[in-house]
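S.K.: Below is a structure I'd like to ask you about.
Derivation of every value follows stated rules applied to the coordinates shown; laboratory data play no part. Note that the coordinates shown come from a computational prediction; the quantities given were computed from them, not determined experimentally. Glycine gets a Cβ as well: all are built from the backbone with ideal geometry, and neighbour counts include every protein chain shown.
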Amino acid sequence: MGRDERIVAIPGTVRRIAVPADPILPGLTVGLYATGRGRFEAAPAPEHRLIVQMGAAAMTDCRVDDQQQTRPQMHGDIDLLPAGSTASWEIDPSAISIRFRFTPALLRRMAADIGLNPDLIDLTPQLQARDAQIEHIASALHAALTTEGSLGRLYGESLGTAFMARAVSRFVAETPVKVKGGLPKRQLQRVIDYVDAFTDEALSLIDLAAIAGVSVSHFKSQFRRSMGVPVHQYVIQRRVEKAKSLLMQGRAISQVALDVGFSHQSHMARCMRRVLGLSPMEVSRLAG
């Protein structure tokens, strides 16, 4: 499934109709997809995703984070998934869509260009939003991709620039500064959900700051104010908590260490003793 590898069909299919090999702008990719009847789930991703319905209407049950709608999805309807969001759709009978994926770094640059503070911007999930300009851009991309299967560089850059400018103007808000500091609740929850979903991977400050939509230096200080611990300590705590749960289920210590993201068994043992005051073997014995 290429660029949309995080979209999984259960049991339907998501088929690439035309997806340019290169980004149309640095940090912005676009593609035309056909979605068959069925249920589809999208795991948290480090990019923002905006999906524009093309063609005939389809009945859709959609959930993005804590929002849910059951509706006929019409031509031009927009679903917006901020970085770190989870989503699912149940579609009948099928749908065609233009899908944009853009990085938080690109969004920050575009927001700064119109005078917003990039460390205070917020992007909220949207279901069945409407915007005439984005619909027009998506229709132009649809026409080009269905007739040519690709985009000329200048044309793609022109459409991409117009899309980003409108997406920022239409969907980005500047959050008020809080006296006590810390990340806004929604942005913090995205980071927490992303850490929990990808604890076994090599998480980085750059990726987590991108999920929050702020700079790395701002993220480090604001995360600590929100959670009371530095980012790396929080990640270790979550890995230890997951490891404890797996060990108490009788899983092998060496495998658990890898499953929760520790580099090796000794690394997990050191962290577990520091956080819990117990060794992995002692935790395993707690299960009886």
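S.K.: Would you mind calculating the gained length between Glu41 and Arg109 on full extension (0.36 nm times residue separation, minus the Cα-Cα distance), in nm to one decimal? Please report the intermediate quantities before stating the final value.
M.R.: Details: separation 68, 0.36 × 68 = 24.48 nm, distance 2.95 nm.
Once the chain is fully extended between Glu41 and Arg109, it gains 21.5 nm.
S.K.: Just need the relative contact order of the chain here, percent rounded to a whole number, with Cα pairs under 8 Å and 6+ apart.
M.R.: 16 percent
S.K.: Exposed loop sites here are GluC sites (Glu not before Pro) in DSSP loop states with at most 14 other C-beta atoms within 10 Å. What is the longest stretch of the chain lacking them? Please list the in-between numbers first.
M.R.: On the way: sites that count: Glu5, Glu148, Glu201.
For GluC sites (Glu not before Pro) (loop position, at most 14 other Cβ atoms within 10 Å), the longest site-free span of the chain is 6-147.
S.K.: For the chain, with a Gaussian network of springs between Cα atoms less than 10 Å apart, report the residue from Gly213, Gly76, Gly261 with the top mean-square fluctuation.
M.R.: Per the Cα network of the chain with a 10 Å cutoff, Gly261 tops the list.
S.K.: Points 7 angstrom from Cα along the Cβ direction at Leu116 and Thr175: gap in nanometres?
M.R.: 1.3 nm
S.K.: Classify segment 2-174 as rounded, prolate or oblate, taking a ≥ b ≥ c as the square roots of the eigenvalues of its Cα gyration tensor: rounded when a/c is under 1.5, otherwise prolate if a/b is larger than b/c and oblate if not.
M.R.: Cα axes put segment 2-174 in the oblate bin.
S.K.: Using the Cα centre as the reference, give the magnitude of the dipole from point charges on the C-beta atoms of the chain (Lys, Arg: +1; Asp, Glu: -1; all else neutral), rounded to the nearest 20 debye.
M.R.: 980 debye
S.K.: Rounded to the nearest 0.05, what FRET efficiency do Ala165 and Gln249 give with R0 = 45 Å and r taken as the Cβ-Cβ distance? Could you check?
M.R.: Values: r = 51 Å, r/R0 = 1.13.
Given R0 = 45 Å and the Cβ-Cβ separation, E is 0.30.
S.K.: Pick out the long, greasy-scoring helices in the chain: whole DSSP H runs spanning 15 Å or more along their own axis by Cα, mean Kyte-Doolittle at least -0.5.
M.R.: Both cut-offs are met by 132-147, 153-171, 231-247, 265-276.
S.K.: Oh, and also: Cβ under 15 Å from Leu116's Cβ, Leu116 left aside: what net charge do those residues give with Lys, Arg +1 and Asp, Glu -1?
M.R.: 0
S.K.: What is the sum of charges, Lys and Arg at +1 and Asp and Glu at -1, for the other residues whose Cβ falls under 12 Å from the Cβ of His267?
M.R.: Cβ neighbours under 12 Å give a net charge of +4.
S.K.: Under 1.5 on a/c is rounded, so check that first for segment 233-286, then, if it is not, pick prolate when a/b is larger than b/c and oblate when it is not; a ≥ b ≥ c are the square roots of the alpha carbon gyration tensor eigenvalues.
M.R.: It comes out rounded by the Cα gyration axes.
S.K.: Right, something else. Skipping prolines and chain starts, which residues have an amide H placed within reach, meaning under 5 Å, of the one on Gln73, given they are 5 or more residues away or on another chain?
M.R.: Ala58, Met59, Thr60
S.K.: Count the lysine pairs in the chain whose Cα atoms sit under 26 Å apart, keeping only pairs 8 or more residues apart in sequence or on different chains.
M.R.: The number of close lysine pairs in the chain is 5.
S.K.: For the chain, with the dipole built from +1 on Lys and Arg beta-carbon atoms and -1 on Asp and Glu ones, taken about the Cα centre, which of Pro20, Leu127, Ala112 lies farthest toward the positive end?
M.R.: Ala112
S.K.: Still on this structure: Using the Cβ atoms and a cut-off under 12 Å, what net charge is assigned to the surroundings of Ala57, where Lys and Arg are +1 and Asp and Glu are -1?
M.R.: Details: positive: Arg71; negative: Asp77, Asp92.
Every neighbour counted, the sum reads -1.
S.K.: What full-extension length gain, to one decimal in nm, is calculated for Tyr155 and Val216 as 0.36 nm per residue of separation minus the Cα-Cα distance?
M.R.: 18.6 nm
S.K.: How far apart, in nm, are two points set 7 Å out from the Cα along the Cα-to-Cβ line at Ser266 and at Gln128?
M.R.: Modelled inter-label distance: 5.9 nm.
S.K.: Another question, if that's okay. For the pair Ala56 and Phe198, what calculated FRET efficiency results from E = 1/(1 + (r/R0)^6), where r is the Cβ-Cβ distance and R0 = 51 Å, to the nearest 0.05?
M.R.: After rounding, the FRET efficiency stands at 0.90.
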